C-alpha cells in the first residue's frame, strides 16, 4: 500500500497533510524513514509522527472490542453523552468505524467496533442467531419463576411477538444472567419488564465469543475476526 494512502487510512489527515509530513521528514515507520509502500498493511506498524507514537490498525479490515462504560452513546452524533468513539485514539476518530449493534447509554460491557460492513451485517442479521450474554441487576428480588418465564417466552409490551431467552439464571436474587440470540430494541429490559420487574443496571458480558476479560472499562483491544464467533 502506498505510504500516503496508508497514512490516510490511519486517520492522519488529507493527502496534502500526509505529503507535507513526509516531505518534512516527520514520519517514521518501525523507527526508520518510511518506504514508498507498506508491504504488509495487515500488520499494525510502529508509526511515529514528530517522535510521537501513533496507534495503527491492521488493513483493510480491523476489529476492536471495547469495554463500554456507562454514560456513553453508541453513536457518531451523540445527543446527551459523549460518543463511545471518543474513547478511541484521536486519529482513529477520523475513520469510518461502526459499532456492531448498539448498547444503551447506561449499558456497559462488550461492544465490537469494525470497518468491515459485510461482517457487521452478518453479526446483526437475526437469522444468524449470534448469542449475547448479559448480567442484569434487578430492582426487585426474584426467584426461579422469573427465569422460567424468560426461557418459556414473554410478550413484550407494545409488541405482538413473543421472545424467549436461551438461558436465564439468578446469580443472586437481584442479579440475573441471561443469554439471547436476537436483538430487539431494549430487549433484555423489556423482557424483564414483561415479568413485572425492572432492570436498574445492564452489562453485556459476552458477544459471541468476545468478553471484556483483561479490558478495563473505557479501554479497548484490537482482535482477530476469528475471535468473535
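The values are calculated or read from the model by the stated rules, or taken from the named source; none is laboratory data. Quick caveat, the model's predicted, so the values are computed rather than measured. Here Cβ is always computed from backbone atoms with ideal geometry, including for glycine, and neighbour counts include all displayed protein chains.
If you check residue 206 against the conditions, is it over 20 Å from residue 88 (Cα atoms) and assigned to a strand (DSSP E or B)? So residue 206 passes the test. Looking at residue 38, is it closer than 16 Å to residue 1 by Cα and touching a helix residue (DSSP H, G or I) at 6+ places or on another chain (Cβ under 6 Å)? In short, yes.
So which of 111, 21, 7 ends up being surrounded by 19 or more Cβ atoms within 10 Å (Cβ to Cβ) and either under 30 Å from residue 209 (Cβ atoms) or touching a strand residue (DSSP E or B) at 6+ places or on another chain (Cβ under 6 Å) (or both)?
On the way: 21 fails: surrounded by 19 or more Cβ atoms within 10 Å (Cβ to Cβ); 7 fails: either under 30 Å from residue 209 (Cβ atoms) or touching a strand residue (DSSP E or B) at 6+ places or on another chain (Cβ under 6 Å) (or both).
Within the list 111, 21, 7, the selection yields 111.
Taking the criterion of being part of a loop (DSSP other than H, G, I, E, B), in contact (Cβ under 8 Å) with a residue 24 or more places away in the chain and in contact with a strand residue (DSSP E or B) (Cβ under 8 Å, 6 or more places away or on another chain), the residues of the stretch 30-44 that qualify are 34, 35, 36, 38, 44. Looking only at the stretch 134-145, residues that are more than 25 Å from residue 211 (Cα to Cα) and surrounded by 20 or more Cβ atoms within 10 Å (Cβ to Cβ) come to 1 in all. Can you tell me which residue is farthest from residue 177 (Cα to Cα) among those in the stretch 90-115 that are without any contact (Cβ under 8 Å) to a residue 60 or more places away in the chain and assigned to a loop (DSSP other than H, G, I, E, B)? Applying the filter and picking the extreme gives 96. Only residues that are part of a loop (DSSP other than H, G, I, E, B) and more than 19 Å from residue 211 (Cα to Cα) were counted across the stretch 116-133, and they come to 2.
Flag set for residue 67, criterion: in a strand (DSSP E or B), touching a strand residue (DSSP E or B) at 6+ places or on another chain (Cβ under 9 Å), assigned by TED's automatic domain parsing to the domain that holds residue 121 and surrounded by 16 or more Cβ atoms within 10 Å (Cβ to Cβ). Determine, yes or no, whether residue 101 is at pLDDT below 95 and either under 16 Å from the mean Cα position of the chain (by Cα) or in the same structural domain as residue 177 (by TED's automatic domain parsing) (or both). Answer is yes for this residue. Within the stretch 182-200, the set of residues being modelled with pLDDT of 95 or more and surrounded by fewer than 15 Cβ atoms within 10 Å (Cβ to Cβ) comprises 196, 198, 200.
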